[in-house]
1. Where the centroid of each part is defined by its Cα atoms, how far is the range 231-302 from the range 478-541 in Å?
2. Work out how far the C-alpha atoms of the range 423-499 reach from end to end along every principal axis, then list the three figures in whole Å, largest first.
3. Please find the FRET efficiency linking Glu87 to Ala272, where r is the Cβ-Cβ separation and R0 is fixed at 22 Å, and quote it to the nearest 0.05.
4. Can you tell me, using C-alpha contacts under 8 Å and at least 6 residues apart, the relative contact order of the chain as a whole percent?
5. Given +1 on the Cβ of Lys and Arg, -1 on the Cβ of Asp and Glu, and no further charges, what dipole in debye does the range 482-557 carry about its Cα centre, rounded to the nearest 20?
6. Just name one of Phe447, Met471, Gly488: the one whose Cα is farthest towards the positive end of the charge dipole of the range 436-506 (beta-carbon charges, Lys/Arg +1, Asp/Glu -1).
7. Tell me which of Gly459, Thr342, Thr327 sits at the most positive position along the dipole axis of the chain, charges placed on C-beta atoms (Lys, Arg +1; Asp, Glu -1).
8. Which residues in the range 298-312 place their backbone N less than 18 Å from a point set 7 Å from the Cα of Arg101 along the Cα-to-Cβ direction?
Amino acid sequence: MPAVPDSARTRAQRLRQELHQHGHRYHVLDDPVISDGEYDRLFQELADLEALYPSLVVPESPTQRVGGGPVAGFAEVRHSVPMLSLENAFTNDDVSGFVKRAMERAGGESPIEFSAEPKLDGVAISILYEKGLLKQAATRGDGSVGEDVTHNVRTIPTVPLRIDGRGFPDRLEVRGEICMPRAGFVELNRRAAESGEKSFVNPRNAAAGSLRQLDPRITAKRPLEIFIYGVGEVSRGPLAATHIGVLESLRKLGFRVNPLVEAVNGLEGCLAYFGKVARLREELPYDIDGVVYKVNDLALQGRMGFIARAPRWAVAHKFPAEEQITTVEAIEFQVGRTGAITPVARLAPVFVGGVTVSNATLHNMDELHRKDVRVGDAVIIRRAGDVIPEIAGIIRERRPPGTRVVKLPSRCPVCNSPVVKEEGEAVARCSGGVVCSAQRKEYLRHFASRRAMDIEGLGEKLIEQLVDKEMVSSPADLYALSPTDLAGLDRMGEKSAENLLAAIAASRSTTLPRFLYALGIRDVGEATALALSGHFGDIDGLHGAGEEALQEIPDVGPVVAARVAEFFRNPHNRQVVKNLLAAGITWPRQAAAGESDGPLAGETVVVTGTLTGLSRDEAHDRIRAAGGKVASSVSKNTTILVAGESAGSKLKKARDLNIAILSEEEFLKRSRLRSAEE
């Protein structure tokens, strides 16, 4: 490799700086100061220098936006700060309720200031910068774990490859929305039609598909853009005291922030902004499906906290649903995981809300009869954003003669077992249980799903084959599959079979909450599974737990307690659990609530700030394993606060309440299990 002259090194550095500045002015500020031809000349000069002296190539060079070679797949990325979803508001009353709750939690009567911005219809992304350089980019995924798409995000012109400016944190994670402008979408589909390729349905799907290319050179040719709407991990204190202040700081660092962001006051300000953006909607170069309101004061955001997977301090105000008229061609009955019989309308395909809709659920028989939907009816199909299409109503004037009221089948359409409907329940169910292949299929899909046992590659089509060929009748049978078993299945080559068997084997190592959720106990979701595992610590305690004992667990009411007790009383279910454990499924031992030998037994622990050696989820797992209880907000019941870097309002409140505060190092020592010390 030839030695690089100082003059060439200096010139390359200068060219990179100039190209970054001109690219920012062109793509972000829309205010170029040189012609396209001059930009191309500078770009080519840098490319020639790098070709002559390969050691000059650096990841942040503008020449690297064209994309490198294909990657083998998408690695998982665990978000250090979860990427939460937003609660939706569909009416002014919904927004009024959100504003009222925010004022109550703020403890005042004065109107609260909110930030307001358009809600882009794109793909959420997290981008991490270390010492000013783009280090990693990941999709939202399930909020806790996303996919590494760094190789593709680097190709997007509006994403800075480096941060220019003073005072930026050593680690800065920005979050935004990647979208495809309408004009770019039209051009992309035009080129696809010319080359005989499949076209995309809408800009959002096009953006998502472009971002998930294994070959970044394909992504580089797609017209993707980004708007940054917030931050995740920040290695020092907050960038500002308000959300809008944070966005302004990001804008100064070179990030593209939506120009329509503004501060509004109270309910009137929110609704006025919504009306203004709704009027601008068709003029914008990109698709939006609503606006987002966030409490502007970051300290107040911290006090308001979260509920489930959404913050209390933000809401998405969605535009009215799009509607179209079509015809009901048939009404069929599907059988779910718990035997629920769900009527589904098969429709003449209609394009609504950006997708072609040919099916719509009718939920249950009460809903079907309330709307009086019949085969042959002209119906109004409604779809808002990503919401599942629904039949909003029928057009009675267009009903053809001779239609009949739809009746609940007396027997399961799959296994012919009797259909039963318990008193007081809206849902009718197949009584066949595991005899019903439809229930087995849905149960296995749930068991293998990402937030349960996370068996990658075990999709719907493959499960159908395994059940139909009677190769799998219960989840434990999955762990006995061999390459020979899989060889005869459709679309299952040698490599695919190896990957699937590896994923099944990897799922043997899990956590108790995931295992409980995977068992598919009625009304037991992730939160309840977490509460049960935290209380009992292992599966054995659940076998003999009565309903009264179960109701002592926070967030477990009488209905859920009855479901759990009934599940573990059932001999078949107990055998399923026994078979799964015999198949090698294990999880780390976790201290149960009230156990005295855990180092954090009896403690309620809140984690805040950024931990250097653990992710937030890993810290929570460690607390539970040590016998402690995890809480999301500081209160008088909190006994310990673990304070990482950039700890904010929670640290102040903990000091005010005289709560014990541990550093990350102190927490690691305090939470160490005895078995690890011996």
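1. 41 Å
2. Reported extents, whole Å, longest axis first: 51, 26, 20.
3. That gives a FRET efficiency of 0.55.
4. Taking the mean separation of contacting Cα pairs over the length of the chain, I get 10 percent.
5. The calculation lands at about 380 debye.
6. Phe447
7. Positive-most Cα among the choices belongs to Thr327.
8. 300-312
Laboratory data are not the source of any read-out in this text; all were calculated from the coordinates shown. Just so it is clear, the model here is predicted, and its values are computed rather than measured. Note: ideal-geometry Cβ built from the backbone for every residue, glycine included; neighbour counts use all protein chains shown.
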